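Single-structure report; data block below.
The values are calculated or read from the model by the stated rules, or taken from the named source; none is laboratory data. Computed from a predicted model, the values in this text were never measured in an experiment. Backbone-built Cβ (ideal geometry, glycine too); neighbour counts: all protein chains shown.
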Amino acid sequence: MSSTQFKYFMPARVECGNGISNRTGEMVKELGVTKILIVTDKGVRGANLLEGIERSIHEVDLAYEIYDEVEPNPSVEIINRGSIYFYQNHCDAVLAVGGGSSIDTAKGIAILATNPGNILDYEGVGKIKNPPIPIISIPTTAGTGSETTNSTVITNKQTSFKLGVLSSHLFSTLAILDPALTLGLPQGITASTGMDALTHAIESYTSKDASPVSKGFAMQAIKMIGENLIKTYFVGTDIESREQMLVASMMAGVAFSQSRLGNVHAISHTFGGVFNIPHGFANAALLPFVMTFNLPACAEKYKEIAIALGKDVSGLTNMEAGKKAIETVIEMNQSMNIPLNIKDLGVSLDLLPKLVEDSMRSGNVFVNPRLTKASDIESIIKRAYYGDLGIF
């Protein structure tokens with residue numbers, strides 16, 4: 001697609017600010033809903049992150065229930081149970097509070113609130129006929145960008161496959177970004193979600209479907225992540241760097257909702273479905289290997305990414321400068337104790353044929369900057385397993 005021929009659609013209203021989640025009630029009330037279902041996990045609830053949100057809802061006399069059964073890599077069963085709970089309690093909106101899993105679960109419940117059948121019926125692009133009920137998203141991690149994407153990712157436990165549902169109906173009605181909710185994140189989650197956001201931005205920037213608009217969002221996200229992620233990891237309590245990461249994650253979400261992603265996500269989703277590996281760690285460990293594979297196809301873009309990550313590339317060829325971007329990603333992983341191979345994450349090559357087959361089902365393969373065949377996916381997985389960054 002020509003860079004001057006593109007579509008851009010991102011209807012989510014975004015509100016950002018330190019402590020802004022304490023105004024959730026009044027903002028939700030403006031949407032005209034009568035009873036909301038808060039979708040979250042037990043960790044978020046146990047950390048008292050709902051306290052200010054619940055107080056604000058009480059203040060505007062808005063009825064609500066809480067569904068806290070969200071799990072990592074949310075399954076069809078979790079969404080079905082949430083959908084039943086939604087109906088039983090006569091709710092008319094969902095409010096997700098948590099990481100990408102909470103937002104994905106809330107989106108799944110919202111789909112089934114207005115559309116018949118099973119969530120599996122909506123795998124793919126544009127299959128949701130009826131607009132869902134209002135979706136309000138409050139991320140407590142700076143990583144997935146799900147609050148501004150048009151997709152949800154669900155695990156089918158029967159087939160060990162993570163499927164994507166994409167629709168313009170899946171953008172949040174309202175996204176509330178409050179860095180105060182991310183201050184208590186453990187270092188591991190800060191690292192994995194931060195590298196997830198960086199992967200989104202890099203894959204979006206180099207996607208075959210990238211546009212001037214998506215590239216603008218992606219490049220700014222890369223720059224902000226490069227400037228703030230390591231500080232956020234080591235300091236943790238710096239509200240400014242936390243806010244910068246939250247905004248960067250959101251911007252990366254805006255970017256890839258327009259452009260799709262690439263081979264990292266095509267493969268990492270299979271790792272989540274088969275091995276239940278946290279999505280951010282899978283992305284982080286795969287990223288250097290996919291970038292090495294893609295380098296001949298987009299060296300100039302990788303040079304631009306290296307510059308955005310703060311590297312001096314003066315006097316270097318595009319290929320040499322592009323390698324600097326890959327080296328920077330490896331350095332970031334190393335500094336945050338992220339494995340430099342996928343074997344250490346728990347991936348087994350015993351299931352390699354399934355991993356390749358499931359990866360090739362992803363639409364992300366077709367927008368990856370370098371033409372990709374099943375044999376290429378197999379090679380990337382093997383290289384990533386053994387930690388071999390040689391030339392593809």
Check: Residues in region 34-47: is at least one free of Cβ contacts under 8 Å to residues at least 24 places away in the same chain and surrounded by fewer than 14 Cβ atoms within 10 Å (Cβ to Cβ)?
Finding: yes
Notebook entry, point to check: Right, ALA180: buried (at least 23 other Cβ atoms within 10 Å of the Cβ) and either in a helix (DSSP H, G or I) or assigned by TED's automatic domain parsing to the domain that holds LYS303 (or both) or not?
Noted result: no
Item checked: Pairs where the first residue, in region 101-117, is acidic (Asp, Glu) and the second is buried (at least 24 other Cβ atoms within 10 Å of the Cβ) and in a helix (DSSP H, G or I), C-beta under 9 Å, 6+ apart -> ASP104/ILE79; ASP104/SER146
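Let's see how each residue does on (1) over 22 Å from the mean Cα position of the chain (by Cα); (2) surrounded by 15 or more Cβ atoms within 10 Å (Cβ to Cβ); (3) modelled with pLDDT of 95 or more:
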site	(1), (2), (3)
TYR85	yes, yes, yes
GLN88	yes, no, yes
GLY100	no, yes, no
ILE119	no, yes, no
Checklist line | Extreme residue, nearest to ASN276 (Cα to Cα), among residues of region 330-348 that are part of a helix (DSSP H, G or I) and not basic (Lys, Arg) | finding: LEU345
